[in-house]
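Student: First the structure, then my questions, so here it is.
Derivation of every value follows stated rules applied to the coordinates shown; laboratory data play no part. Predicted model only: the values in this text are computed from it and were never measured. We place every Cβ from the backbone using ideal geometry, glycine too, and count neighbours over all the protein chains shown.
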Amino acid sequence: MKVTETKLKGCFILEPTVFEDSRGYFFESYNENKLEEILGYKPTFVQDNQSRSSYGVVRGLHMQTGEYAQAKLVRVIEGSVIDVAVDVRPNSETYGESVAIELSVDNKKQLFIPRGFLHGFSVISEKATFFYKCDNNYNKASEDGVNPLDDELNIDWQIAINQMIISEKDQEAQSFSTFKNK
C-alpha cells in the first residue's frame, strides 16, 4: 500500500496494492493494523455508510462536532468523485485549507479524514457509489456544515454551476465566515 500524507496533517491518501490477472483483481481495502501503523493510533470504526448519486450531485460540506466528531475512511466502489476535506481544527496551521482528490472505482484510492474536518464530494461520472467508514455514530444534534459553494473556500468541484445538484439543506448552509466566527 502506498500512503501519502496530504498538506493537511493527519489526512492521508491510501493507494492499495492491486493484484490483477486474467480472472480480475484483488486488493485489501481495509487492514486495521496497517491503518494503526499509519495513524499512530488504533481507529475503531463503528458505522459504515453508502450513497449512490448521479452526475452533478454535490454533497457537503458536512461534519459532526463535539463528542460525536467523526474520522472517516472514504472510497468509491462505482464511478468517480472529487472528494474534498477542509481542515477546521482549532489552532491548526492549515485551518481553512482544503484538499481535493479524485476517488474512483478505477484508481481504488481512499482518503482518511481525521476528526475536525468538513467533508464533501461531487460526482463527476454518470453515477457513483460512495462508501465510508466512521469512527463515531451519527448524531443529528451534532451536525454542522458550510455551503459547498462558499466564496472564501472557493472549492473547484469540477462541475459547471448550472449542472450542480445540491440539496436545499446544503444550499442554505452557513458561510465559512459564519462558521469560523461561532
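Student: Give me the distance between the Cα centres of segment 41-71 and segment 87-105, rounded to whole Å.
Tutor: If you average the Cα positions of each part, the centres end up 14 Å apart.
Student: For the chain, rounded, prolate or oblate, judged on the Cα gyration tensor with a ≥ b ≥ c (square roots of eigenvalues), a/c < 1.5 rounded, else prolate if a/b > b/c? If you can, show how the numbers build up before the last one.
Tutor: Working: a/c = 1.79, a/b = 1.24, b/c = 1.45.
Since a/c reaches 1.5 but b/c is at least a/b, the shape of the chain is classed as oblate.
Student: Right, something else. For the chain, with a Gaussian network of springs between Cα atoms less than 10 Å apart, report the residue from V105, V57, V46 with the top mean-square fluctuation.
Tutor: V46
Student: What length, rounded to one decimal in nm, is gained on full extension from S54 through to K182, with 0.36 nm per residue of separation minus their alpha-carbon distance? Can you show the working numbers first?
Tutor: Numbers: separation 128, 0.36 × 128 = 46.08 nm, distance 3.38 nm.
Taking 0.36 nm per residue and subtracting the Cα distance, the gain is 42.7 nm.
Student: Under a Cβ-only charge scheme (Lys and Arg +1, Asp and Glu -1), can you give me the dipole magnitude of segment 43-180 about the Cα centre, in debye to the nearest 20? Can you show the working numbers first?
Tutor: Working: 13 positive and 20 negative charges, 99 e Å.
The dipole of segment 43-180 has a size of about 480 debye.
Student: Run the simple label-point estimate for L39 and F27 please: 7 Å along Cα→C-beta, distance reported in nm.
Tutor: Placing both labels 7 Å along Cα→Cβ, they lie 2.0 nm apart.
Student: A follow-up question, please. Is segment 103-175 best put as rounded, prolate or oblate by its Cα gyration tensor, with a ≥ b ≥ c the root eigenvalues, rounded for a/c under 1.5, and otherwise prolate when a/b is larger than b/c, oblate when not?
Tutor: Details: a/c = 1.70, a/b = 1.01, b/c = 1.69.
Oblate shape, in that a/c is at least 1.5 and b/c is the bigger or equal ratio.
Student: Let me ask something else. Dipole of the chain (Lys/Arg Cβ +1, Asp/Glu Cβ -1, origin at the Cα centre): which of T6, H119, F131 lies farthest to the positive side?
Tutor: F131
Student: Which far-off residues, 5 or more places away or on another chain, put their amide H under 5 Å from the one on K109, with H placed in the peptide plane?
Tutor: Under 5 Å from the amide H of K109: S104.
Student: Each label point is 7 Å from the Cα along the Cα-to-Cβ direction; what then is the distance between the points at E15 and A160, in nm?
Tutor: Placing both labels 7 Å beyond Cα along the Cβ direction yields 3.2 nm.
Student: Take the eigenvalues of the Cα gyration tensor for segment 53-128, scale each by 5, and report the square roots as semi-axes in whole Å, largest first.
Tutor: Working: eigenvalues 112, 27, 25 Å².
They are 24, 12, 11 Å, listed from largest to smallest.
Student: Step through the table entries K7/K109; K9/K34; K108/K133; K42/K180; K34/K140, compare each Cα-Cα distance with 21 Å, and write down the pairs that go over it. Walk me through the numbers on the way to the answer.
Tutor: Numbers: K7/K109 17 Å; K9/K34 18 Å; K108/K133 15 Å; K42/K180 30 Å; K34/K140 31 Å.
Cα-Cα > 21 Å for K42/K180; K34/K140; rest within.
Student: List, in order, the whole-Hz ³J(HN,Hα) value for each residue of segment 127-144 obtained from phi through the Karplus relation with A = 6.51, B = -1.76, C = 1.60 and θ = phi - 60°; use x for Gly and Pro.
Tutor: Karplus-based 3J(HN,Hα) across segment 127-144 equals 9, 8, 10, 10, 10, 8, 9, 10, 8, 8, 6, 5, 9, 3, 5, 9, 5, 8 Hz.
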